[in-house]
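Please read the structure below before turning to the comments.
The values are calculated or read from the model by the stated rules, or taken from the named source; none is laboratory data. Worth saying up front: this structure is predicted, and the values here are computed from it rather than measured. Backbone-built Cβ (ideal geometry, glycine too); neighbour counts: all protein chains shown.
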Amino acid sequence: MSKKIKVALVGVGNCASALVQGVKYYKAVKGNNHVPGLITTNFGGYLPSDITFVSAFDIDRRKVGKDLSMAIFEKPNCTREFKKDIGNLDCKVYQGYQLDSIASHNFEFPLDDRCDPLDEIYSSYDSAKAYVVSILKETSSQVLVNFLPVGSDKAAFFYADCCLEANVAMVNAMPVFISQIWGNKFEEAGIPILGDDVKSQIGATIMHRVLTKMFEDRGQKVKKTYQLNVGGNQDFLNMIDRKRLKSKNISNTNAVKSQMDYQIEDQNLYVGSSDFIPWLKDNKVCFLRIEANQYGDIPMNLELRLSVENSPNSAGIITDAIRGAKTALDRKLAGPIMEVSAYLFKSPMIQYDDSTAFKILKEFSQPV
C-alpha cells in the first residue's frame, strides 16, 4: 500500500491555500498523539504529511500555469498565510472548465476581490472532460477535492463525471448534492465519494447543531432561531447573488433541523449568508440567536457571535476527508462513505447526532 495520497484540487482559492499550507505545517506530525488543529492525527495509517498534491484546476489567469505552491498565494485569495515557505510542489495548475463557476456580478467588483477568468478554451463538454480526465490519469490522481464556489452546480457535476471516468475518489466540499444524487453511480463504478458540503471544525453549523441539540436535551424546545453569516472572501462575494444559494441554504438548514426531534415551522428558522464585507477578508463572522421557553413557559434567548478564519477552519476537516477517501479506496469501498461523511459534512446520506457520528468516524479511522 502506497503511503502517499495523490490529490487533485478543483478550485485554487482560499480553502485550497489553507489546505496546502496545512499539509506543510503538519509535516513533522508522527504517531497517534493529539495535535492541536487536527481531529485525527493518524487516519487509517495515514498522516497529514502523506497527502501530496499532483494536479489542480482553476480558471483565474493569475493562477493557471503556475505551480500550486505559488498559485495559492495569488489574488483574490486572502486567507491567513501561516506557512509561506511551501517550496515547489511540482504540481501545475491547469485551466478548468468554467460552466457556472462565475457569478453574474463578478465583474462589478475590484480585481483584487474577484476572479479574473481566462477565456474559455474548450469547444464542448466532451472535449473539456477528455482533457481533465487525461490530466487526472497522467498524474495518477487518487482523490479529487471539489473546492468550487457556491452555486457552481453544473461545474461540480462535471468534475464528478470526470472522477467516474478517471476512476478517482471524490471529496465534495461544496453545497451541491452529488453524493445524494449520484451516489449510486459512484457505487456502480467502485469509487468512494465523501460529502456533501464541508462542516468546519468550529464553525457556524456545528455550533448551531450542538446548541440546538443541547436545548432539546435540556427540555427546552427551540421556538425560533437564526444564523447570519458575513465575510469578505470571494465565496461571500459570489453569494450576493441569492440565486446561487439554493443548495447552500438547504444544506445549512437541514444540518440544523436534523438535530431536532420535532419540526420547527419554516418561518421560525433561518440559516444563511447575509452580506459581503471586503475588509473582513477570509474572516467569517456568525450571529446566532435561539429563542426558547424555560420551566413554567418563561421565555429566554441565547445570542452568540462567532469569529473564525474561514478557510483553515474547513481545511482541518478536509485533511481528514482526504485520508478517509484513501482509506475507503484501500478497503475497496464504493459509493457514499457514511462512516466519514456523517461527522465531517453538513449533508451526508445519513444524519446522526454529532457524538454518534464522531464515534463512527473514530472507529473507521483505526488502521487495520
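Picking from Gln267, Gln259, which residue would you name as being farther than 30 Å from Gly45 by Cα, assigned to a helix (DSSP H, G or I) and over 17 Å from the mean Cα position of the chain (by Cα)? It would help to see each step written out before you state the result.
On the way: Gln259 fails: assigned to a helix (DSSP H, G or I).
Matching residue, one of Gln267, Gln259: Gln267.
The set of residues from segment 258-300 being buried (at least 19 other Cβ atoms within 10 Å of the Cβ) and either touching a Leu at 6+ places or on another chain (Cβ under 7 Å) or small (Gly, Ala, Ser) (or both) comprises Ser273, Phe276, Cys286, Leu288, Ile290, Ala292.
Is it fair to say Phe345 is more than 18 Å from Asn146 (Cα to Cα), modelled with pLDDT of 95 or more and among the aromatic types (Phe, Trp, Tyr)? Walk me through it before giving the result.
Working: more than 18 Å from Asn146 (Cα to Cα): no; modelled with pLDDT of 95 or more: yes; among the aromatic types (Phe, Trp, Tyr): yes.
Criteria not met by Phe345.
When residues in segment 3-55 are screened for being within 14 Å of Pro367 (Cα to Cα) and either touching a strand residue (DSSP E or B) at 6+ places or on another chain (Cβ under 8 Å) or among the hydroxyl-bearing types (Ser, Thr, Tyr) (or both), 4 of them pass. Report whether or not Asn252 is touching a Gly at 6+ places or on another chain (Cβ under 9 Å), under 30 Å from Trp279 (Cα atoms) and either aromatic (Phe, Trp, Tyr) or modelled with pLDDT of 90 or more (or both). When the stated conditions are applied, Asn252 does not pass them.
Total residues in segment 313-325 satisfying the condition of being within 21 Å of Ala8 (Cβ to Cβ) and in contact with a Lys or Arg (Cβ under 9 Å, 6 or more places away or on another chain): the figure is 2. Here Gly183 meets each of (1) buried (at least 21 other Cβ atoms within 10 Å of the Cβ); (2) modelled with pLDDT of 95 or more; (3) small (Gly, Ala, Ser) with one exception, condition (1).
Provide a single number: the residues in segment 278-324 that are part of a helix (DSSP H, G or I) and either among the small types (Gly, Ala, Ser) or touching an Asp or Glu at 6+ places or on another chain (Cβ under 7 Å) (or both).
Qualifying residue count for the region: 9.
Restricting attention to segment 232-245 and to residues that are in a helix (DSSP H, G or I), touching a residue at least 40 places away in the same chain (Cβ under 8 Å) and charged (D, E, K, R), the residue that is surrounded by the fewest Cβ atoms within 10 Å (Cβ to Cβ) turns out to be Lys243.
Taking segment 328-337 as the range and being surrounded by 20 or more Cβ atoms within 10 Å (Cβ to Cβ), part of a helix (DSSP H, G or I) and out of contact with any Asp or Glu (no Cβ under 9 Å at 6 or more places or on another chain) as the test, only Leu329 passes. Could you list all residues from segment 67-103 that are farther than 21 Å from Asp282 by Cβ and either exposed (fewer than 13 other Cβ atoms within 10 Å of the Cβ) or touching a Phe, Trp or Tyr at 6+ places or on another chain (Cβ under 9 Å) (or both)? Within segment 67-103, Gly87, Asn88, Leu89, Asp90, Cys91, Tyr94, Gln95, Gly96, Tyr97, Gln98, Leu99 meet the criteria. If the condition is being under 20 Å from Cys15 (Cβ atoms) and either acidic (Asp, Glu) or not assigned by TED's automatic domain parsing to the domain that holds Glu216 (or both), then segment 244-274 contributes no residue at all.
Got a sec? Which of Asp58, Asp67, Asp50 is under 14 Å from Asp320 (Cβ atoms) and acidic (Asp, Glu)? Reasoning before the result, please.
Numbers: Asp58 fails: under 14 Å from Asp320 (Cβ atoms); Asp67 fails: under 14 Å from Asp320 (Cβ atoms).
So the residue among Asp58, Asp67, Asp50 that is under 14 Å from Asp320 (Cβ atoms) and acidic (Asp, Glu) is Asp50.
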